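The values are calculated or read from the model by the stated rules, or taken from the named source; none is laboratory data. Small disclaimer: the values here were computed from a predicted structure and weren't measured. Neighbour counts are summed over all protein chains in view; Cβ atoms, including those assigned to glycine, are modelled from backbone coordinates with ideal geometry. All accessible areas refer to the heavy atoms of the entire protein, side chains included, with ligands and DNA or RNA removed. Shrake-Rupley method; radii C 1.70, N 1.55, O 1.52, S 1.80 Å.
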Amino acid sequence: MSHLAEVPFWKAINMGDELRGKVALVTGAGRGIGRAIALRLAAAGAHVSVTYHVSGAEAAALVEKIQGHGVRAMAIKADMGKVSEVVAATEQTYDMFGRLDILVNNAGILAAGLMEDVSIERFDEAYAVNVRGPFAAIQAAAPRMERGGRIINIGSIGSDFMPYKGRAAYTMSKGALASLTRGLARELGERGITINNVQPGRVLTRLLKEASDDKLSEFASSTAVGRLGEPDEVADLVAYLARSQAGYITGANLRIDGGTSA
Ligand SMILES: NC(=O)c1ccc[n+]([C@@H]2O[C@H](COP(=O)([O-])OP(=O)(O)OC[C@H]3O[C@@H](n4cnc5c(N)ncnc54)[C@H](OP(=O)(O)O)[C@@H]3O)[C@@H](O)[C@H]2O)c1
């Protein structure tokens, strides 16, 4: 197989500085997939506001790295589980940059464990961060967006593909995010805003930190391509959806899982 055949189609498109002058807010961007998304959007010319919960030092370092792309950046401490902080982060981004074009609801937590082992407190926390936070962010962001606005949620293939035990609460929350994406497509469409849900399979980040080497190998071999995903691969798809040419893609749940669910 040629190398070209392995390059995702959105990567083959020259992003150049297509997002020049746009403003993006990426939640939970101190590390992992969110960090990769923030850098990718900055590389395409967007000014980027990132939120963090505990990864303050990482977020500060990220701001410097984003600025290295010649764009503006700021980091805001905001617990995605607290609606007031989510709304404040959205308002601060708009006030600082004077516009808001792209919202990426990336922050998320696992609620792992067999049914009896997931406390109701952890269940509520997962819903607060993975579902209520994104809804509140969209409520705050959409009225501040002009036509051409982009909302991109980071869901999971787990919402409709789950060959393992112990993920029910997490996958329920990601299923709600998928429904939210479909449910808002029409009302946002009237405003010229698209909303999509990127659903990664297993991507090598701290979210997989509890998995043993054997489990990681098992995850890798369960894909069609024989490996785990990279945060940059998810970031490329998000950047593709953020561009103005992606205006006909909305209400979509887009899997990026190396063929795990094929
Ligand atoms: N990695 C995978 O295999 C995979 C697969 C499917 C979907 N996803 C989804 O991809 C997204 C990113 O995950 P990741 O893999 O990059 O995991 P990660 O490395 O664990 O990063 C999670 C991010 O979410 C933020 N976050 C967690 N709780 C938060 C809260 N209460 N308020 C604000 N931010 C909070 C974290 O910020 P702090 O560090 O500042 O707390 C961190 O930046 C998540 O929505 C996850 O569900 C990941």
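Listing for the model above:
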read-out	value
Candidates Ile157, Ile195 - the one that is within 22 Å of Arg35 (Cα to Cα) and more than 12 Å from the ligand (Cβ to nearest atom)	Ile195
Residue match in segment 233-256 (condition: farther than 20 Å from Asp101 by Cβ, among the small types (Gly, Ala, Ser) and open to solvent by 70 Å² or more (accessible area, probe 1.4 Å))	no
Hits in segment 168-194 (condition: open to solvent by 30 Å² or more (accessible area, probe 1.4 Å) and basic (Lys, Arg))	Arg182, Arg186, Arg191
Matching residues in segment 53-63 - criterion: being in contact with a Lys or Arg (Cβ under 6 Å, 6 or more places away or on another chain) and within 6 Å of the ligand (Cβ to nearest atom)	Ser55
Residues that are under 15 Å from Asn253 (Cβ atoms) and either in contact (Cβ under 8 Å) with a residue 40 or more places away in the chain or not in a helix (DSSP H, G or I) (or both), drawn from segment 173-187	Ser173, Lys174, Ala176, Leu177, Ala178, Leu180, Thr181, Arg182, Leu184, Ala185
In segment 102-154, the residues that are among the basic types (Lys, Arg) and in contact with a helix residue (DSSP H, G or I) (Cβ under 6 Å, 6 or more places away or on another chain)	Arg144, Arg150
Checklist (1) modelled with pLDDT of 95 or more; (2) more than 9 Å from the ligand (Cβ to nearest atom); (3) more than 16 Å from the chain's Cα centre (by Cα); (4) surrounded by 14 or more Cβ atoms within 10 Å (Cβ to Cβ) applied to Ala42, failing item	(3)
The one condition in (1) in a strand (DSSP E or B); (2) open to solvent by 60 Å² or more (accessible area, probe 1.4 Å) that Asn153 fails to fulfil	(2)
Subset tally (residues that are within 16 Å of the ligand (Cβ to nearest atom) and either at pLDDT 95 or above or of a type in the set (S, T, N, Q) (or both)) for segment 106-154	29
In segment 80-93, the residues that are under 19 Å from the mean Cα position of the chain (by Cα) and of a type outside the set (A, V, I, L, M)	Gly81, Lys82, Glu85, Thr90, Thr93
Among residues of segment 200-255, those that are near the ligand (Cβ under 9 Å from one of its atoms) and hydroxyl-bearing (Ser, Thr, Tyr), counted	1
Condition met for Arg144 (open to solvent by 20 Å² or more (accessible area, probe 1.4 Å) and either within 15 Å of the chain's Cα centre (by Cα) or over 24 Å from Glu91 (Cβ atoms) (or both))	no
Condition broken by Ala262, with the remaining ones in (1) open to solvent by 70 Å² or more (accessible area, probe 1.4 Å); (2) over 17 Å from Ser156 (Cα atoms); (3) not in a helix (DSSP H, G or I) satisfied	(2)
Qualifying residue in segment 11-24 (condition: open to solvent by 70 Å² or more (accessible area, probe 1.4 Å), part of a helix (DSSP H, G or I), away from the ligand (no atom under 13 Å from the Cβ) and farther than 30 Å from Met162 by Cα)	yes
